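Read-outs: derived from the displayed coordinates by stated rules, not from any lab. As the structure is a prediction and not an experimental result, all values here were calculated from the model. So basically every Cβ, Gly included, is an ideal-geometry build from the backbone, and we count neighbours across all protein chains shown.
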Amino acid sequence: MTVIFWFRRDLRVQDNQALIAAVERASSENSQVAAAFIFGRGFEELSPIRRNSLITSVSSLSQSLPKGLQLSSGETGKYLLDLAQTLGANVVFATRSFDTHGMLEQSEVAEQLYAHGVSLQLVGSNYAVEPGTVRKDDQTPLRVYTPFYKRWLGHLGQRPFQLDTSLVEWVPGSGELPKYSPDCKMPIKASESFALETWHKFRKRALSDYSENRNRTDLSGTSHLSHALAHGEIHPRTLLAEMGDSPGEEVFRKELAWREFYADVLFHNPHTYDGYYEPRFEKLRYDSEVDNPNLEAWRSGNTGYPIVDAAMRQLLTTGWMHNRARMIVASFLVKDLHIEWQVGARWFEKLLTDFDPASNSHGWQWTAGCGTDASPYYRVFNPTLQGYKFDPNGDYVRKFIPELRHIPGAEVHEPWKLIDGLQNGYPAPILDHFVERDEALARLEEIKG
Ligand SMILES: Cc1cc2nc3c(=O)[nH]c(=O)nc-3n(C[C@H](O)[C@H](O)[C@H](O)COP(=O)(O)OP(=O)(O)OC[C@H]3O[C@@H](n4cnc5c(N)ncnc54)[C@H](O)[C@@H]3O)c2cc1C
C-alpha cells in the first residue's frame with residue numbers, strides 16, 4: 001500500500017503537520033509515500049509572474065523531497081484518483097483549507113475519492129490557530145479584530161513539527177512542470193529554505209524598527225514573507241516560535257494575526273470572497289468597469305497621481321505591492337473612480353504572487369469601508385498627502401516611474417505643479433481628487449439609514 005500526500009498551499013517539508021501524519025501512517029504500515037502537486041484548473045488564467053512564481057515554488061519543493069513530486073496539470077480529483085489506483089493507495093493526506101474555493105475543492109475531491117474507496121484525510125492548517133477556533137464566550141465568531149487578537153494569543157504555543165524524511169520510502173517523482181512564461185523576465189526566488197533565510201535576515205535587519213518603518217513605501221521595512229506564507233513555504237508557527245516581546249515583535253505578531261483574523265472571517269462567511277461583508281454597500285452607486293478608461297489608467301499606473309501609479313507599476317513589474325500602497329490604490333479605485341472593490345480584488349488576484357483569498361478580499365473590503373473593522377467609508381485617502389507622508393523623499397515614486405526621475409525630492413508627488421514636471425510623457429491627473437471625494441460622500445448619503 002502507498003500513502004499519497006497532496007501538496008496544496010503548504011509547499012514545505014518541515015513544520016508540515018499533514019505531511020508528518022502521512023509519513024507516520026506510511027511508516028506504521030511499512031508502506032511508501034507518493035507526494036503530489038497538481039497545477040489546477042485556474043493556473044493558465046494567472047498572470048505570467050504569478051505562474052512563474054508558483055512553478056518556482058513547486059520546483060524547489062520537488063528538489064527538496066527525497067525523490068521529487070508526482071506532477072500533473074488539470075483536474076485535481078481525477079488525477080489523485082488515477083494516482084491512487086495506479087499505486088494501490090487507499091488514503092490521501094492533505095492540509096485542510098479554510099477559504100471558499102479550498103473548502104469546495106476538498107469536499108469535491110473527498111467525494112470523488114470516497115466513491116472509489118479512497119479516503120481523504122485533512123490535517124492541520126496554514127495558520128497558527130485554525131480558523132473557527134477563536135470564539136466569543138457564547139461560541140459565536142468574532143467580528144472585530146482587537147478582541148479576536150486577544151483571544152487568539154491564548155491559543156498560541158504549538159511548537160513547530162519536525163519531520164525525518166528517511167523514516168519511509170518515497171515513490172520516485174513523475175510528470176513535468178509547466179513551462180515558465182517567457183513574458184515575465186523577473187527572476188523569482190522561492191523555496192522553503194529561501195523563506196527561512198528571508199525571515200532570519202528580516203529579524204536581524206528590520207524587525208526591531210518594524211513598528212516605525214512598516215508604513216514607509218520607500219524603505220524595505222517589512223518582511224516580504226507574504227509570498228512564502230501564501231504558498232506555505234513557511235508556517236506562521238515557525239515564525240511565532242522564534243519571536244520575543246520587543247515592540248517590533250509585538251507589532252509583527254499583530255500583523256500575522258490580521259492574516260489569521262481574515263482567514264477566520266472568510267471561513268465563517270465564505271460568500272465574502274467576492275460578496276459584501278456589510279450588505280448595504282451593495283446598494284451604493286458604482287461606475288461600470290466596462291470600457292472605463294479610468295480603470296485602464298489605474299491598472300497600468302497612469303492616473304497622474306504618482307503614489308498610485310508607482311504602486312500599480314510595482315505590482316505589474318514585481319508581483320508584490322507594499323501594504324500602505326495597497327490601501328492607497330484600493331481607496332483610489334473605490335472612492336475616486338467609484339468602481340466596486342471586487343474589480344480591484346480580481347486584478348490583485350491575477351497579479352499578486354502572495355495572493356491570499358482572505359487577506360485580499362478583506363483587505364479590499366476594509367479599505368472600501370464595507371468589511372470588518374472597516375475604515376469608515378467617509379475616510380477617503382488623499383493620494384497626494386499619502387505620497388508625502390509615506391514616501392517622504394519621493395524615492396518610491398522615482399523607482400517605479402521613469403518619467404518622473406528628473407524631479408528630485410518630494411516635489412515628485414505633484415509633478416503637474418512644475419513647469420517641466422510632465423515633460424517626459426507622464427500624464428496630468430485624470431481626475432480632481434477633491435471633486436471625486438465629494439462625489440463618493442454624496443453617494444454614501446444615498447444609502448445611509
Ligand atoms: C487591498 C489589499 C489587498 C491585500 N491582498 C493581500 C493578499 O492577497 N495576500 C496577502 O498576503 N496580503 C494581502 N494584503 C495584506 C498586506 O498588504 C500584505 O500581507 C503585506 O503587504 C505583505 O508584505 P510583507 O510580507 O512584507 O508584510 P509584513 O508587514 O512583513 O507582515 C508580515 C505578514 O503578516 C501578514 N499581514 C501583514 N499585514 C496584513 C494585513 N493588512 N492583512 C492580512 N495579513 C497581513 C502577511 O501574511 C505578511 O506577510 C492586502 C492588503 C490590502 C490593503
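Data overview
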quantity	calculated
Prolate/oblate/rounded label for segment 279-447 (Cα gyration tensor, a/c 1.5)	prolate
In Hz, Karplus ³J(HN,Hα) per residue of segment 406-422 (6.51, -1.76, 1.60; θ = phi - 60°; x = Gly, Pro)	7, 9, x, x, 6, 4, 4, 6, 9, x, 5, 8, 9, 4, 9, x, 9
Estimated [θ] at 222 nm from DSSP helical runs (n ≥ 4, -39500 (n - 2.57)) normalised by residues in the chain, nearest 500	-13500 deg cm²/dmol
DSSP H segments from the chain that extend 30 Å or more along their own axis, Cα-based, with Kyte-Doolittle mean of -0.5 or above	247-268
Listed residues L266, L19, L122, most fluctuating in the chain (Gaussian network, C-alpha, under 10 Å)	L122
Hydrodynamic radius by Kirkwood, which averages 1/r over all alpha carbon pairs of segment 48-123, in angstrom	13.8
Candidates H338, H413, H200, ranked by Gaussian network fluctuation over the chain, Cα under 10 Å, top entry	H200
Sparse-neighbourhood loop sites, trypsin sites (Lys or Arg not before Pro) in segment 326-413 - DSSP loop, at most 12 other Cβ within 10 angstrom	R379
Under the Debye formula (equal points on every Cα, no solvent term), log10 I(q)/I(0) of segment 143-249 at q = 0.11, 0.20 Å⁻¹	-0.55, -1.27
Dimensionless Rg over Rh [segment 1-141; C-alpha; Kirkwood]	0.98
Rule-of-thumb Rg ratio for the chain [Cα; 2.2 N^0.38 Å; N residues]	1.03
Whether segment 76-208 is rounded, prolate or oblate, judged on the alpha carbon gyration tensor where a/c under 1.5 counts as rounded	oblate
Of D420, D218, D274, the one that fluctuates the most in a GNM where the chain has Cα springs shorter than 10 Å	D420
Stokes-Einstein translational diffusion, segment 253-304 - Kirkwood Rh over all Cα pairs, 1.306 mPa s, 10 °C, in µm²/s	113
Cβ-derived FRET efficiency at R0 35 Å, E75 paired with I419, nearest 0.05	0.05
Under-5 Å amide H pairs with F5, H placed in peptide plane, nonlocal only	A34, A35, A36, F93
